[in-house]
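The values are calculated or read from the model by the stated rules, or taken from the named source; none is laboratory data. These figures come from a predicted structure and were not determined experimentally. No Cβ is skipped: glycine too gets one built from the backbone with ideal geometry, and neighbour counts run over all protein chains shown.
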Amino acid sequence: MENDVMQQETTDALETSALSGLDEIEKAESVLGVDRSLFEEPKFWSLQKKRFIKYRKVLWFIIPAALFTFIFSYIPMLGVLFAFKDSGHFKLFGRIGLWNVMADGYWTLENFGNIFNDKFFKAVGNTLLINIIKLVICFPLSIFIAVQLSELKSQTMAKVVLIVICIPNFLSWAVVIATWSGLLDGDGGALNNLLVTLKLNEPNHPLMQQQGLYKFFVIFLSAWKGSGWGCIMFYAGIIAIDKSFYESATLEGANRIHKMWYLTIPMIIPTIALMLVLNISGMLATGLEVVLPLFNMLTDIEESQLTLDVYLYDITIMQPDIPMAATLGVFNGLVGLTLMIVGNFITTKTLKRGLW
Amino acid sequence: MKNIKEIFKRNPNKIKESKLDTALVIINIVLLVLFMIVIALPLLNFFSLAFNNYNFNKNVIIFPKKISWYAFSVIFKGSEMGYFWTAFGNSVLLTLTVTIGSNLVEAMAAYPLSKRDCPIRGGIMMYFIITMLFSAGTAPIYMLMLQLNLTDNIWSCVLISISNVGNLLYFKVFFEGLPKDIEDSARLDGATEIQMFFRIVIPMSLPVIGSCCFFSMVGAWNGYGSALLFISPKATNAFPLAYYLYLLNERLSTTKSDDAILMGRMNIQAAAMLVSIIPIICCYPYVIRYIKGGLMIGSVKE
């Protein structure tokens with residue numbers, strides 16, 4: 001009881017002294033003529049105005065970028081409205097400009113029912129199959145290469161390997177596909193000759209034009225082109241790890257596999273999570289530049305081999321059905337956004353790291 | 001050879017490596033060399049075809065068997081697909097404009113946004129970031145180009161690649177990390193804001209600008225995704241080089257007739273590809289150090 005009373009008294013005394021202190025400050029301010037408004041939080045807009053005046057000479061630097069973004073990213077968003085137009089009208093006229101979106105055709109919701117047809121489901125299935133296999137094979141492959149690179153003791157050799165394996169990433173897809181179609185050419189392709197002598201293939205049977213190997217080549221060429229470059233991020237993460245961790249692990253008697261599995265991999269998990277989210281958000285895209293040339297190369301084109309990119313290209317350029325294409329674009333965009341959020345959610349739950 | 005010796009050299013002060021570890025070192029080197037071969041051998045084989053006489057294609061492994069300049073002469077002569085050099089010139093124009101334009105525009109925008117007390121900073125950033133999260137898709141962009149009368153024109157590919165929000169974020173993060181004292185002292189010396197940007201901020205951030213320029217350059221030179229949309233195969237004067245190569249591939253690999261050209265079709269393809277990668281190869285060694293500097297900044301965010 002007594003303690004409480006004591007505390008109460010001391011706090012009261014403190015408060016009164018603080019108040020009197022405040023009074024004294026106010027008195028001093030009034031004597032000195034200090035403007036109190038200087039110490040207050042300024043209002044939002046007056047603050048912005050002050051800042052605007054401060055930066056008036058550099059603020060116009062933003063305008064060109066904002067203008068380009070507006071014209072080539074925001075204006076096309078008007079085209080989303082095409083998804084709510086009937087497709088019959090636009091089929092007749094084919095190639096039309098963006099302004100006609102309001103004027104022509106009538107409003108309808110039937111596109112959202114019509115896009116879920118057989119062709120679409122086949123395309124989505126193929127795309128998902130390709131991308132999931134890519135995620136399961138190419139992604140760990142890059143991590144594996146990065147770990148192997150960091151295990152090298154000689155820095156010069158690591159550099160040479162890095163320079164060589166990054167080359168294909170800087171080649172055009174046209175060059176990559178020409179290279180492999182040249183190697184696997186029916187008459188005279190070096191790899192094809194090797195396969196023929198090993199009795200794995202017949203002459204004049206170019207593998208890249210075969211129906212069944214289409215998806216394999218999409219995955220294989222992506223791995224060939226991208227995995228060397230893909231390891232760069234992981235490698236940068238690994239060489240940033242403190243070397244003393246490895247030394248103490250060696251003293252504890254860890255061998256190379258232990259160090260790799262219990263030290264290197266856990267240390268680069270933030271990078272892995274980041275790349276995983278980015279990969280997952282691109283799940284519905286296979287890249288038109290790789291899919292289309294391989295698709296055109298097939299001897300007899302079948303719709304069962306369509307991917308979503310080729311399908312979208314087909315209904316935008318080849319046989320224009322603009323409302324359908326716009327609907328598919330909206331669908332793609334929304335699914336990409338959702339996958340990004342879901343992927344981020346999963347990685348934050350399991351790996352404790354994410355994009356944001 | 002020296003490297004392998006170094007690896008096996010015993011250091012008496014060191015903890016002795018177990019047999020498993022030695023085996024792993026060997027496996028490690030073998031795997032990496034194997035991977036290098038898988039990457040390099042196809043390229044060497046294919047590009048040596050460019051110099052080879054087409055009757056001896058079967059004998060080529062790494063080096064050309066019999067030197068012949070036939071493929072190059074076919075390429076430079078031109079065909080119904082238009083001239084190789086037209087496409088090459090178009091691509092040079094495209095690459096230069098995109099590299100300089102895009103990076104300049106984005107760096108300029110990033111400079112005021114990198115100031116902590118820039119007016120309505122959050123709002124402006126939001127305006128840019130929304131375009132990264134959601135895009136309208138290919139059809140509306142194609143129709144915008146139709147409306148602007150830019151289809152079958154190389155400028156459609158230029159304009160669509162100028163806006164690059166990823167680079168904007170990259171520059172912004174880098175500018176925020178620059179030391180404030182230098183800017184303050186420059187301001188005391190009477191530098192205007194524009195002088196400050198071009199004379200101080202840009203020279204100080206050359207590593208990151210260099211790497212971004214390299215990636216823009218590679219993207220513009222190699223990409224044909226936008227050309228596929230905006231340029232029809234009939235507009236031969238507007239082809240960028242990568243699109244020309246794509247069409248060349250398609251034409252040569254799908255035609256069945258026994259033209260004289262088709263006899264050496266692989267050689268012709270190889271020659272065209274070889275000429276097309278010369279600019280990239282020239283830049284590659286110079287830019288590797290820039291890439292390292294830039295990437296380290298990108299990967300260690302604090």
remark   = The condition from (1) under 14 Å from the mean Cα position of the chain (by Cα); (2) closer than 23 Å to B:Met145 by Cβ; (3) assigned to a loop (DSSP other than H, G, I, E, B) that A:Pro320 misses is numbered (1)
key: Contacts under 9 angstrom Cβ, first residue in segment A:292-306 being farther than 23 Å from B:Gly223 by Cβ, partner modelled with pLDDT under 85 and not in a helix (DSSP H, G or I), 6 or more apart   = A:Leu298/A:Gln210; A:Thr299/A:Pro206; A:Thr299/A:Gln210; A:Gln305/A:Leu298
request  = For segment B:262-278, state whether one or more residues are closer than 27 Å to B:Leu43 by Cβ, exposed (fewer than 15 other Cβ atoms within 10 Å of the Cβ), β-branched (Val, Ile, Thr) and at pLDDT 80 or above.
outcome  = yes
ask   = For segment A:234-264, what are the residues that are surrounded by 16 or more Cβ atoms within 10 Å (Cβ to Cβ) and of a type in the set (Lys, Arg)?
value = A:Arg256, A:Lys259
Tally, over segment B:128-142, of residues that are at the interface with chain A (Cβ under 7 Å from one of its Cβ atoms) and under 19 Å from B:Ile162 (Cβ atoms) = 8
note = For segment A:189-232 the number of residues that are assigned to a loop (DSSP other than H, G, I, E, B) and either touching a Gly at 6+ places or on another chain (Cβ under 7 Å) or under 21 Å from B:Tyr54 (Cβ atoms) (or both) is 5
query = Residue check: is A:Thr299 over 30 Å from A:Met267 (Cβ atoms) and part of a helix (DSSP H, G or I)?
reply = no
inquiry  = So, B:Ser216, is that one closer than 27 Å to B:Leu113 by Cα, touching a residue at least 40 places away in the same chain (Cβ under 8 Å) and either among the β-branched types (Val, Ile, Thr) or buried (at least 16 other Cβ atoms within 10 Å of the Cβ) (or both) or not?
reply    = yes
message = Can you find, within segment B:89-130, the residue that is modelled with the highest pLDDT among those that are among the hydrophobic types (A, V, I, L, M, F, W, C) and outside any helix (DSSP H, G or I)?
response = B:Ile120
key: Residues that are in a helix (DSSP H, G or I) and in contact with a Ser or Thr (Cβ under 8 Å, 6 or more places away or on another chain), drawn from segment A:338-356   = A:Leu339, A:Met340, A:Gly343
note = Note on B:Phe56: of the conditions (1) away from chain A (no Cβ under 12 Å); (2) surrounded by fewer than 17 Cβ atoms within 10 Å (Cβ to Cβ), unmet is (1)
message = For segment B:239-259, which positions are at pLDDT 75 or above and in a helix (DSSP H, G or I)?
response = B:Leu241, B:Ala242, B:Tyr243, B:Tyr244, B:Leu245, B:Tyr246, B:Leu247, B:Leu248, B:Asn249, B:Glu250, B:Arg251, B:Leu252
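The rows are residues; the columns are (1) surrounded by 21 or more Cβ atoms within 10 Å (Cβ to Cβ); (2) assigned by TED's automatic domain parsing to the domain that holds B:Val218.
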| residue | (1), (2) |
| --- | --- |
| B:Leu44 | no, no |
| B:Ser91 | yes, yes |
| B:Thr95 | yes, yes |
| B:Leu104 | no, yes |
| B:Lys115 | no, yes |
| B:Pro119 | no, yes |
| B:Met125 | no, yes |
query = For segment A:136-146, does any single residue satisfy the condition of being free of Cβ contacts under 8 Å to residues at least 12 places away in the same chain, crowded, with 19+ Cβ neighbours inside 10 Å, assigned by TED's automatic domain parsing to the domain that holds A:Ala240 and not β-branched (Val, Ile, Thr)?
reply = no
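From the list A:Glu289, A:Glu302, A:Glu252, pick out the single residue that is touching a Gly at 6+ places or on another chain (Cβ under 6 Å) and either under 15 Å from B:Leu228 (Cβ atoms) or more than 10 Å from every other protein chain (Cβ to nearest Cβ) (or both).
None of the other options fit; the residue is A:Glu289.
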request  = Determine whether segment B:153-163 contains at least one residue that is over 23 Å from the mean Cα position of the chain (by Cα) and on the phi < 0 side of the Ramachandran plot.
outcome  = no
remark   = Scanning segment A:219-237 residue by residue, those of a type in the set (Gly, Ala, Ser) and closer than 19 Å to A:Pro270 by Cβ turn out to be A:Gly230, A:Ala236, A:Gly237
task = Kindly list the number of the only condition in (1) among the hydrophobic types (A, V, I, L, M, F, W, C); (2) surrounded by fewer than 18 Cβ atoms within 10 Å (Cβ to Cβ); (3) under 23 Å from A:Leu98 (Cβ atoms) that fails for B:Ile129.
result = (3)
